[in-house]
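Since the structure comes first, as structure tokens, the remarks are kept for the end.
The values are calculated or read from the model by the stated rules, or taken from the named source; none is laboratory data. Remember, predicted model here, so these are calculated numbers, not experimental data. Neighbour counts run over all protein chains shown; Cβ positions are idealised from the backbone, glycine included. What goes into the accessible areas is simple: the full protein's heavy atoms, side chains included, and nothing from ligands, DNA or RNA. Shrake-Rupley method; radii C 1.70, N 1.55, O 1.52, S 1.80 Å.
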Amino acid sequence: MSIPAKIRVRRDELVSAIEDARDLYYQKDNPTISDIEYDTLFKELQGIEADYPELVTADSPTQSVGGEVAENFSEFTHPSRMWSLDNVFDFDELDTWFARVGNHNFLCELKIDGLAINAVYRNGQLETVATRGSGSVGENVMSNVEYMTCIPQKLKAPKGTKMPELLEVRGEVYFSLAEFDQINLEVTATGRTAFANPRNAAAGTLRQRIDKRIEAAAEAKSETSRTKATEELERAKSAMSRLGLIVHGIGVHDGLEITAQSHAYELLKAWGLPTSERVKVVKSAQEVKDYIDYFGEHRSDIEHDIDGVVIKVDSLGEQRELGFTARAPRWAIAYKYPPTVVRTRLIDIGVQVGRTGRVTPRAQVEPVLVAGSTVSFATLHNGFEVARKGVLLGDMIFLRKAGDVIPEILGPVVELRDGSERPFVMPTKCPECGSTLAPEKEDDKDVRCPNTRSCPAQLRGRLEHLGSRAVLDIEGLGEKAARALLEDNVIEDEGDLFSLTAQDLRTSDFFVIKGEERKIAKNAELLLEQLQLAKSKPLWRIISALSIRHIGPPTAQAIARALPDMTSLRNSSADELAQIEGIGQTIGNSVAEWFGEKWHSDIVDKWASAGVRMHDDVVESGPQILAGLTVVVTGTLEGFSREGAAEAITSRGGKSASSVSKNTDFVVVGPGAGSKAAKAEELGRPILDEAGFVVLINDGPEAARQYLG
Ligand SMILES: [Zn+2]
């Protein structure tokens, strides 16, 4: 069969694109395409080679793992080869692997987004540290080792045992996500391309020769070049000391009997090497999948980035029977999660004005699929952040989306600029009301729109906040309704809200049925009904609804407990307020300043005359039977919403916390509870079901303990 010319051409294109990408990735530690783009190219090439096996050459990228030795370091031939792993991308592919290997105990561990290294110890003393390189030959980075605080120089055999004479330890050096973000800011601040992932940052950090930098600093001819060289040296040393290490394998181990992968990990730990707490040996394919699902969901809770899960047949005897292919062991597989970093184009940066007037830039990007959803916008905290990230409008950028958080820009791909990119200029006027923007205090990074009373964006934000679940929970008062009320001049500001009538709503198209005689629609009825209900909600919700700076629901609760009356609150000085438990001077000042503004106290007056609750009856807050106790509620409860459960705790003087610690007094667990329940068990904290929770809030902690038996 002859091969179509266009297939040959495409094959050559793919080979050169992959080789370029590998060169940038492995030699320069600075890729300009994302992992997902690389995987796509690689898969396409594999597909062509599968269809036309005659196109497979010995030097095809599919036949090697990449990562030849850089010239900077001397070569090091690993005593035993470091394999790379085959990847699977879904459970179907994983099932094919399970079918091939059969039933075993499987060891599951997280695949850290880091750089693989081999540490060679002789009689427990560190002799060489090398990168994996091609797998057979890596780079000897031993000259950096004194700056790598993560690698122990000496191992200690527990009593009665002996260190192997020659021992190879395999592991991953990595940056935590917090360190990665910090390193990237240091990089983009100097106008360079951001690291696309923690692995490249780790590789770029480890593969610089500190000894050469020390020489450069010593031999510098001028004061300026000495300063510069010294700065670079210090930066390199500092970054190197921030690398972490987790070990996950043993190569040569002279004179030592090891029965299983998990046995090897026990030994590594006993010798003083950093192993992962998250390694787990399971007995079935289903349990492997559960492990994969669990960490897929909790990926963003882990302090370092992971790109998948590694599954190994645990028994070393069974590993030997399964053996190796030319590229990888048959007894292990890497399950890859969808990448969280993609490359896309920064189209524009707009600004948004929040309810407190804070102006935040928001990046609009070419829509791109990342971790299962399409992203069109990314966050940038303030104007300085845009400069710190070094991005220009029109740049290709790396963008990361982790978990449910808003995607963030890592930095630009500087190499791909064509000169048409323009810098972002923070506007000086509010885009919604035209007021001149300014920082509130001289050293504030944020700029604000000072027109708090009538800036449409701020008003809209305040109405939405007031209607939100955590505040007055007014169904029917969302973004669209807020916009309609203001744009159609139904209300001037939030002061008019609670005296709204059907007559008022009839003036806005949003609240009437189309085509009829301006009959009010369902949404208007709902809004009026909900406003009526909201009037009698507890005082702390009313206080939260005022949008006083620094007063979220928990603070409002503390205020309402100490001062259950709006008039007393209004007449208190900043210093008096600062005395309340849980309230400091900042909040005291903020409340007093707020009431000092006439249009603010007008709002409160209007609400009072519309019948909004202005004081709590002390009886209602009940006896403080949970005073001093911390309670965590997790999972869903039938009789309580999340806020309702929290309120039941705080109104009785207890603290409703979101995470379990050894100081937690009770953990209430409903269906669907996740890691918090496990944590409670691990820490031995008392666990109540919903019925037990009812006992706790009605009869107190003693009764709850008796309920537990
Ligand atoms: Zn404005």
Selection status of F76, at pLDDT 90 or above and in a strand (DSSP E or B)
yes
All positions within the range 336-365 that are within 20 Å of P450 (Cβ to Cβ), basic (K, R) and not in a loop (DSSP other than H, G, I, E, B)
R358
Looking for something within 29 Å of I543 (Cβ to Cβ), within 16 Å of the ligand (Cβ to nearest atom) and open to solvent by 30 Å² or more (accessible area, probe 1.4 Å) - is there at least one such residue anywhere in the range 422-432?
yes
Scan the range 412-434 residue by residue and report those that are over 24 Å from R358 (Cβ atoms) and not charged (D, E, K, R).
P412, V413, V414, L416, G419, S420
For the range 316-334, what are the residues that are open to solvent by 30 Å² or more (accessible area, probe 1.4 Å), modelled with pLDDT of 95 or more and not in a helix (DSSP H, G or I)?
R330, W331
Collect the residues in the range 434-475 that are part of a loop (DSSP other than H, G, I, E, B), surrounded by 18 or more Cβ atoms within 10 Å (Cβ to Cβ) and more than 15 Å from the ligand (Cβ to nearest atom), keeping them in residue-number order.
V471, L472, I474
Taking the residues in the range 180-217 that are free of Cβ contacts under 8 Å to residues at least 24 places away in the same chain and of a type in the set (A, V, I, L, M, F, W, C) as candidates, determine which candidate is nearest to D113 (Cα to Cα).
I214
Any residue in the range 142-167 that is surrounded by 13 or more Cβ atoms within 10 Å (Cβ to Cβ) sitting within a Cβ distance under 7 Å of a residue that is of a type in the set (F, W, Y)? List the pairs, counting only those 6 or more apart or interchain.
L155/Y121; L155/W271; A157/W271; L167/Y121
Among V342, V386, V370, V405, which is the only one that is β-branched (V, I, T), farther than 30 Å from E464 by Cα and either within 16 Å of the ligand (Cβ to nearest atom) or at pLDDT below 90 (or both)?
V342
Which residue is nearest to G114 (Cα to Cα), if the candidates are limited to the range 19-47 and must be more than 30 Å from the chain's Cα centre (by Cα) and either small (G, A, S) or surrounded by 18 or more Cβ atoms within 10 Å (Cβ to Cβ) (or both)?
L45
The helices (runs of 4 or more DSSP H) lying wholly within the range 507-606 that contain at least 1 residues that are among the charged types (D, E, K, R), within 40 Å of the chain's Cα centre (by Cα) and surrounded by fewer than 18 Cβ atoms within 10 Å (Cβ to Cβ) are 522-534, 574-578, 585-596
Taking the range 476-499 as the search range and keeping residues that are surrounded by fewer than 16 Cβ atoms within 10 Å (Cβ to Cβ) and either outside the structural domain of F511 (by TED's automatic domain parsing) or in a loop (DSSP other than H, G, I, E, B) (or both), which one is farthest from the ligand (Cβ to nearest atom)?
G478
Looking at the range 617-700, what helices (runs of 4 or more DSSP H) fall wholly within it and have at least 2 residues that are over 30 Å from the mean Cα position of the chain (by Cα)?
618-621, 690-699
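Residues are listed down the side, and each one gets a yes or a no for (1) in a strand (DSSP E or B); (2) open to solvent by 10 Å² or more (accessible area, probe 1.4 Å); (3) farther than 28 Å from L416 by Cα:
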site: F98; (1), (2), (3): no, yes, yes
site: L110; (1), (2), (3): yes, yes, yes
site: V120; (1), (2), (3): yes, no, yes
site: R170; (1), (2), (3): yes, yes, yes
site: T193; (1), (2), (3): no, no, no
site: A202; (1), (2), (3): no, no, no
Taking the range 349-371 and keeping only residues that are open to solvent by 70 Å² or more (accessible area, probe 1.4 Å) and not basic (K, R), one is left with Q352, Q364, E366, P367, L369
Quick check on G394: is it within 16 Å of the ligand (Cβ to nearest atom), of a type in the set (G, A, S) and more than 18 Å from the chain's Cα centre (by Cα)?
no
Across the range 661-698, what is the number of residues that are among the acidic types (D, E), within 18 Å of S641 (Cβ to Cβ) and buried (at least 17 other Cβ atoms within 10 Å of the Cβ)?
1
